[in-house]
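Bear in mind that the values in this text are calculations on the coordinates, not laboratory data. Fair warning: this is a prediction, and the values are worked out from it, not measured in the lab. Virtual Cβ from ideal backbone geometry, glycine too; neighbours counted across all protein chains shown.
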Amino acid sequence: MLDCWALAQRIIPATRRVLLYGPPGTGKTTAATTSDAVSLTLTEDTSVQELIGHYVPKGSEFAWHDGPATTAWRQGRRLVLNEVDKAAGSVLTALLALLDDVSIARLTLPTGETIRPLLTYTVVATSNIETPEELPEPLRDRFDASILIDTPHPVAIAKLPQDLQQVCVNAYRSRDSKISYRKLLSYSKIRELVGAEDAAKAVFGRDYQDVLAALKLGART
């Protein structure tokens, strides 16, 4: 059976619209982003203009400026949508159009121009949701594949000190929310300067004793 990262590596190039979901700190955005990708992180305050484009002052006139989605359509690039679960209202409506099948997708801009995506246009969305069912059904249905990313990328884990690598893997397998990849990385750097206990207090707060016990257990195993 393929692990989540091997599966993602095979599926993303083979499909047009992929959702990567799971706990934070696993590297979903890094995996989704390529050198030519266009990306946008959605929030509850994101507007359609940030996604599609808007007019900007140019001298005494206003000129149209493409947003990341429009740029990806015109140039046939990958559009990375981070925190896609935050889309709501008019932004959600716009996403449904942007995620239509390439053969039928159309978008009329405020300029009056109607554009279509190039065949090489693809979308990879990321989210920290626990299950795709948390997304609105019309949005969820647009994705060709949904892949649970429940452990940090092996390359990322290899950047941790050896005694923390298995601790990291175990934490994600057991869904231990006290320990994350980012926290372990911060802990590893701080402990070199101030020692294990003070570093644990600074990074893990009230849970530091539990975390130190887990770290000791991980080191023994």
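Tabulated data for the structure shown
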read-out: FRET efficiency, 1/(1 + (r/R0)^6) with R0 22 Å, evaluated for ALA37 and LEU7 via beta carbons; value: 0.65
read-out: Helix 162-173 vs. the chain, principal-axis angle (Cα, 0 to 90°, nearest 10); value: 60
read-out: Residues of region 100-132 with amide N under 15 Å of the 7 Å Cα→Cβ point at TRP64; value: 106-117
read-out: Filtered GluC sites (Glu not before Pro), region 1-69: DSSP coil and at most 15 other beta carbons within 10 Å; value: GLU44
read-out: Region 90-97 - phi-based ³J(HN,Hα) in whole Hz, Karplus 6.51/-1.76/1.60, Gly and Pro as x; value: 5, 5, 4, 4, 5, 4, 4, 5
read-out: For the chain, built as a Gaussian network whose Cα springs stay under 10 Å, the top-fluctuating residue of LYS201, LYS58, LYS183; value: LYS58
read-out: FRET efficiency, LYS159 to GLU137 (Cβ-Cβ, R0 41 Å, nearest 0.05); value: 0.60
read-out: Segments 157-164, 124-131, 144-151 sorted - mean Cβ within 10 Å per residue, highest first; value: 124-131, 144-151, 157-164
read-out: Residues with amide H under 5 Å from that of THR41, placed H, sequence gap 5 or more; value: ASN82
read-out: Difference of contour (0.36 nm per residue) and Cα-Cα distance, ALA14 to HIS54; value: 11.2 nm
read-out: Pairwise label distance in nanometres, ASP210 with THR120, each label 7 Å out on the Cα-Cβ vector; value: 4.9
read-out: Computed [θ] at 222 nm, deg cm²/dmol, the chain (DSSP H ≥ 4; -39,500 (n - 2.57); rounded to nearest 500); value: -11500 deg cm²/dmol
read-out: Amide H contacts under 5 Å for ILE129, placed H, 5+ residues apart; value: GLY22
